[in-house]
1. In what sequence do SER189, SER197, SER75 fall when counting other Cβ within 10 Å, fewest first?
2. Fewest first, what order do TYR127, TYR21 take by the number of other Cβ atoms within 10 Å?
3. For LYS42, go through the aspartates and glutamates and keep the ones whose alpha-carbon is under 20 Å away, minus same-chain ones fewer than eight residues off.
4. Tell me whether segment 19-101 comes out rounded, prolate or oblate; compute the Cα gyration tensor, take square roots of the eigenvalues as a ≥ b ≥ c, and use a/c under 1.5 as the rounded threshold.
5. Provide PHE77, PHE18 in ascending order of the number of other Cβ atoms located within 10 Å of each residue's Cβ, fewest first.
Amino acid sequence: MAKQSLSFALEPRATANFDDYVADCVWSPDSKSFAVAGGEGKVALARAEGDALTVETVGEHLLGALSIAWQPHGSIFATSGQDASVALWDGNTGKELKRWKPGASLSSPHMQLVLLKESSRWAMARYIFGALTGRAYRKDMKSRSADVSFVSAVRVRCAPIDRAERIRAQADGEMLGEMPVSLEILPNSLTLLMPKS
């Protein structure tokens, strides 16, 4: 049986210009606006009022914005960008509240890792806002109750506890394959991988 299209139930309500391509967009908890991350760096707030849609660029990330997460039951949202920064924004005014730029860089001899106990999208948003507002737990990872830990390393190996379980691994949104996976910093080196001919 062929799938039936939902186009009969959906119709365009409004159109607005956005001078960037959309990398991510998320509705606010009150469903009155949505934040947009532009692939070329723009961060925008879109508001729908009746059949009118307005889009206001409120800031940017160098090299491109990557993702957005709203504070649950709140009006603050966070964005991350290819410039390795995370920014907090006021969803009512569009004002940038704070921006964090980590010490890690492409020329650094080590990786900065954030280890999370849970991996759901809801848990990720909770952890991000906890970290940004200083409420995240920074306990030793040897403690089973640790929610968030920060680690600096040169080499990391990730493997599933249950060997029968298949777990996909990704880095910076790119699929690496299935675990186990090893990541390593090789200073001053470049490896070019090409398909076999």
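Read-outs: derived from the displayed coordinates by stated rules, not from any lab. On a predicted model such as this, the values are computed, not experimentally measured, just so you know. Counting neighbours? That spans all protein chains shown, and the Cβs are built from the backbone with ideal geometry, glycine included.
1. Numbers: SER189 6, SER197 3, SER75 16.
The most exposed by this proxy come first: SER197, SER189, SER75.
2. On the way: TYR127 21, TYR21 10.
Going from least to most buried by this count: TYR21, TYR127.
3. Partners found: ASP19, ASP20, ASP24, GLU56, GLU60, ASP83, ASP90, GLU96, ASP172.
4. Values: a/c = 1.99, a/b = 1.33, b/c = 1.49.
Oblate shape, in that a/c is at least 1.5 and b/c is the bigger or equal ratio.
5. Values: PHE77 26, PHE18 15.
Ranked by crowding around the Cβ, least crowded first: PHE18, PHE77.
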